[in-house]
Amino acid sequence: MTRYAMVMDQRRCIGCQSCTVACRTWNDLPMDIIYNPVVSTGVEGIYPDVRLTYTPLICMHCDTPPCVTCCPCGASIQEDDGIVWVDSAKCMGCKVCVNACPYGARDTSSMVPRLDEYVRKCTFCKDRVREGDDPYCVATCHQKARIFGDLDDPESKVSKLINGHETVRLFEELGTNPSVYYIPAKGGQA
Amino acid sequence: MSVRNPNMIKNHYWTWPIAIYLFLGGLGGGSLFLMMVFQFALGIPADIMAVGGFIALVCLGIGCFFLVFELGQPTVFLRVFLPPSKKGDVSGKSIIKWGAYLLSVSLIFGFLWFLAPFFAWLHGFTNWAWLLGYAGMTPFKDFCLILSGLTGFGVVVYTGVMLASNKSKVFWSTPLLPVLFTISALSTACALLSWCCGGWTSPTGPLALAYAELAHEILHTIDLVLVIAEIITIFIYVLMLAGAGNVRARQVAHRWLNSKLFWGGMVFGGLVIPFFLYLIPGAPSLYVAPFLILCGGCLLRFLVVLSDERRIIPGEDRFFERLPKGDEKFLNTWEKGENLY
């Protein structure tokens, strides 16, 4: 069975925000919504051993997503392949899922009419993925810092990266089982 | 993990309507529950609290209105009652869905119960026999009160559970929050009922007045105990988070501890002063103390709802701090198809 996951190789990310812009363009997002910011804590270390690490963020498409079970309308959906998305036709904008998400990956736009607010989030570009393409942020990343694939396929690039490297996931202690894995930069060393 | 400017992270997805809803839901549900307890556990007829029951129903109704008002799409709020549409739809597990069911059942059966004392009172003006016929349907009336009281207690507990289930919210995700909300809701319900008790005694006469007096005494005593319990719970709650490992939780707890609204409004104005006023016979214990308890309960909901900070991913604060602010109008005008610049 297919189970999609993404690997963020922090050794390769240079914080150019191309993925951020590409996502906004592809999904035609309102100005106050950002699905995948690339964040950084700033320069670390003491000269000459200084480093700058970037953390590309996105919806973690958790295996046990707290945002799905809390939705009272069934608008928050987890597909069999692990993709979590919002059916805007069912959403009533109660924002309970926005509060439930530990990663701040869901949002409502205040730039739409008051009676037409619904929750938006990254869908792993499921329409592209179903046609065999990569999500648009992955396709755009010229550093190849974002890698997407099937976690259940041992030959896929994500499986090999996760099995071959030390990876971390955000807020694992919350029991959400995120599908986004990070390969830490470790101060510029591979 | 350092937090540079936590205000730059988008918070407050739920605002004042939800705070009012949580307060009114707890107040209404708690009042119906207490009326049930008085009738069936203490043998004091709930009819002597009919005015309080009516106000509780109005509170639940207004609470529902604010809940719907806060929705992004208020016109489609009935979606919350739809059953799961297909296999794999887990909306049946949603706490908010259960809350909506509890609220509706409590409201409907509470209203059906209220019709009985109301019709008995109305009969005095109209002499229509069928009004008294409905008022005399004791088993049905009791059934309505039991159902509405039990679901009312469900509403009381659910308001806290709903917030505490958000693991991402550093100040909400503690089992003490449902305890605090339950104590506070029952305390405000005591205040409301003692305020209205005997105001409209459906079974008039000396017996009803004696019942009303007894109910007053019991409600005041219960509320005194609940106020002490609330003071202890709230201090454990805030001090526990003030020493928590999470930086954000500590920040919010210290904000509470340094807030005049918390100390002056909630602790002293809403708990300590009414506690002592309850001990003074006459107007202070009958009117002033319950009013202050209600204000304190409402303030608690506001303070909690607006303390909805989530834990920060390292670097996230820095990113949002650097986003341009104030260009929204320009960019939005551009987006609407007509280039005005």
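Quick rundown of the values:
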quantity: For B:ALA116: the one exception among (1) surrounded by fewer than 16 Cβ atoms within 10 Å (Cβ to Cβ); (2) touching a Ser or Thr at 6+ places or on another chain (Cβ under 9 Å); calculated: (1)
quantity: Count of residues meeting criterion [outside any helix (DSSP H, G or I) and either of a type in the set (Asp, Glu) or under 20 Å from the mean Cα position of the chain (by Cα) (or both)] in the range A:152-170; calculated: 10
quantity: Selection from the range A:81-117 of residues that are surrounded by fewer than 20 Cβ atoms within 10 Å (Cβ to Cβ), touching a residue at least 40 places away in the same chain (Cβ under 8 Å) and within 8 Å of chain B (Cβ to nearest Cβ); calculated: A:MET111
quantity: Any hit, the range A:112-124, residues being farther than 24 Å from A:THR55 by Cα, part of a loop (DSSP other than H, G, I, E, B) and touching a helix residue (DSSP H, G or I) at 6+ places or on another chain (Cβ under 7 Å); calculated: no
quantity: A:GLY42 part of a strand (DSSP E or B), facing another protein chain (nearest Cβ under 10 Å) and either touching a helix residue (DSSP H, G or I) at 6+ places or on another chain (Cβ under 9 Å) or aliphatic (A, V, I, L, M) (or both); calculated: yes
quantity: Any chance B:PHE23 is in contact (Cβ under 8 Å) with a residue 12 or more places away in the chain, of a type in the set (A, V, I, L, M, F, W, C) and either assigned to a loop (DSSP other than H, G, I, E, B) or crowded, with 19+ Cβ neighbours inside 10 Å (or both); calculated: yes
quantity: Matching residues, the range A:158-190, being basic (Lys, Arg) and either at pLDDT below 90 or surrounded by fewer than 12 Cβ atoms within 10 Å (Cβ to Cβ) (or both); calculated: A:LYS186
quantity: Candidates A:MET6, A:MET1 - the one that is closer than 30 Å to A:LYS157 by Cα, more than 13 Å from chain B (Cβ to nearest Cβ) and outside any loop (DSSP other than H, G, I, E, B); calculated: A:MET6
quantity: Residue in the range B:97-105 that is crowded, with 20+ Cβ neighbours inside 10 Å, within 26 Å of A:ALA75 (Cβ to Cβ), touching a residue at least 12 places away in the same chain (Cβ under 8 Å) and among the hydroxyl-bearing types (Ser, Thr, Tyr) present; calculated: no
quantity: Members of the range B:119-143 found to be among the aromatic types (Phe, Trp, Tyr) and either at pLDDT below 85 or crowded, with 16+ Cβ neighbours inside 10 Å (or both), listed by number; calculated: B:PHE119, B:TRP121, B:PHE125, B:TRP128, B:TRP130, B:TYR134
quantity: Matching residues, the range B:83-96, being free of Cβ contacts under 8 Å to residues at least 40 places away in the same chain and either buried (at least 16 other Cβ atoms within 10 Å of the Cβ) or within 7 Å of chain A (Cβ to nearest Cβ) (or both); calculated: B:PRO84, B:SER85, B:ASP89, B:VAL90, B:SER91, B:LYS93, B:SER94
quantity: Residues (among the basic types (Lys, Arg), closer than 24 Å to A:TRP85 by Cβ, out of contact with any Cys (no Cβ under 9 Å at 6 or more places or on another chain) and away from every other protein chain (no Cβ under 14 Å)) located in the range A:127-177; calculated: A:ARG128, A:ARG130, A:LYS157
quantity: Unmet criterion (only one of (1) within 21 Å of B:VAL58 (Cα to Cα); (2) touching a Phe, Trp or Tyr at 6+ places or on another chain (Cβ under 6 Å)) for B:LEU224; calculated: (1)
quantity: Of all residues in the range B:146-179 being buried (at least 22 other Cβ atoms within 10 Å of the Cβ) and more than 25 Å from B:SER104 (Cβ to Cβ), the one that is farthest from the other protein chains (Cβ to nearest Cβ); calculated: B:PHE171
quantity: Count of residues meeting criterion [without any contact (Cβ under 8 Å) to a residue 40 or more places away in the chain, part of a strand (DSSP E or B) and farther than 30 Å from A:PRO178 by Cβ] in the range A:45-59; calculated: 1
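The values are calculated or read from the model by the stated rules, or taken from the named source; none is laboratory data. Owing to the predicted nature of the structure, the values given are computational and were not obtained by experimental measurement. Note: ideal-geometry Cβ built from the backbone for every residue, glycine included; neighbour counts use all protein chains shown.
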